[in-house]
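Right, one structure below, let's go through it.
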Amino acid sequence: MNREEKNQITRRKILDSAIEEFAQHGPEAASINTICQNGGVSKGIIYHYFESKDRLYLACLEECFEALTDDLKRNIGSRTGSDLPDLYFRSRQIFFEHHPACARIFCHVILFPLERLRTEIQKIRKSYDDLNDLYLHRILEQKALRSDLSEEEILRSFHCLQDFLNARIAGQTEKNPDIEHHEEESRRMVDIFLYGILERK
């Protein structure tokens, strides 16, 4: 085994242990000592690969968001149509069931992003957020939109609604996010946003 392979194995052990720790306790309360113990590595080794706990947390975030984004792309592909929201949430649910630690990290950062890392978090989320906008675009292009609304305005309103929902849920959970509740509320929000509150005939 060469040095590069050993480095990859060590880095993988650190990330696997860190993802579990951040998932259980969040970025603030997570313990580097516990990550060391569970990963079978020294603190010096961790700081050799990641200069701080924040950098390690961001690396875990990046891995979780990349995995979720890639999974959605594989499962949804180029699909369009009115069943796209159901397919999207079903795919996301299956991913979270198979990756519960990533699910908790995802939900925590969506609801409680660290202000000091906000810029870095936005960069990490960008591919995922862009994919969500693409899926919304695919839905909208199949429908007749109101003549007084542009797609840009609709996207902006959708982002505002997402922010409002996340802020409301965050205010109810006290740093202990419930992924199932968040997913159900998100699914309901998308349905109301797309189809309104009046009875369809």
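Whether any residue in segment 83-92 is under 15 Å from the mean Cα position of the chain (by Cα) and either among the hydrophobic types (A, V, I, L, M, F, W, C) or closer than 18 Å to N176 by Cα (or both) is what I want to check.
yes
Among the residues of segment 131-142, is any surrounded by 17 or more Cβ atoms within 10 Å (Cβ to Cβ), without any contact (Cβ under 8 Å) to a residue 24 or more places away in the chain and of a type outside the set (V, I, T)?
Taking every residue of segment 131-142 in turn, at least one turns out to be surrounded by 17 or more Cβ atoms within 10 Å (Cβ to Cβ), without any contact (Cβ under 8 Å) to a residue 24 or more places away in the chain and of a type outside the set (V, I, T).
Can you run down the residue pairs with Cβ atoms below 6 Å, 6 or more apart or on separate chains, where the first is in segment 76-94 and under 18 Å from M189 (Cβ atoms) and the partner is surrounded by fewer than 16 Cβ atoms within 10 Å (Cβ to Cβ)?
S91/N75
For segment 145-201, give me the residue count where each residue is assigned to a helix (DSSP H, G or I), hydrophobic (A, V, I, L, M, F, W, C) and surrounded by 12 or more Cβ atoms within 10 Å (Cβ to Cβ). Full working, then the answer.
From segment 145-201, those assigned to a helix (DSSP H, G or I) are 151-173, 179-195; that's our starting set.
Checking which are hydrophobic (A, V, I, L, M, F, W, C) leaves us with 154-155, 158, 160-161, 164-165, 167, 169-170, 179, 189-190, 192-194.
Next, only the ones that are surrounded by 12 or more Cβ atoms within 10 Å (Cβ to Cβ) stay: 154-155, 158, 161, 165, 169-170, 179, 189-190, 193-194.
Qualifying residue count for the region: 12.
All of the numbers you see were taken from the coordinates with simple rules; none came from a lab. Remember, predicted model here, so these are calculated numbers, not experimental data. With ideal geometry, Cβ positions are generated from the backbone for all residues, glycine too; neighbour counts draw on all protein chains shown.
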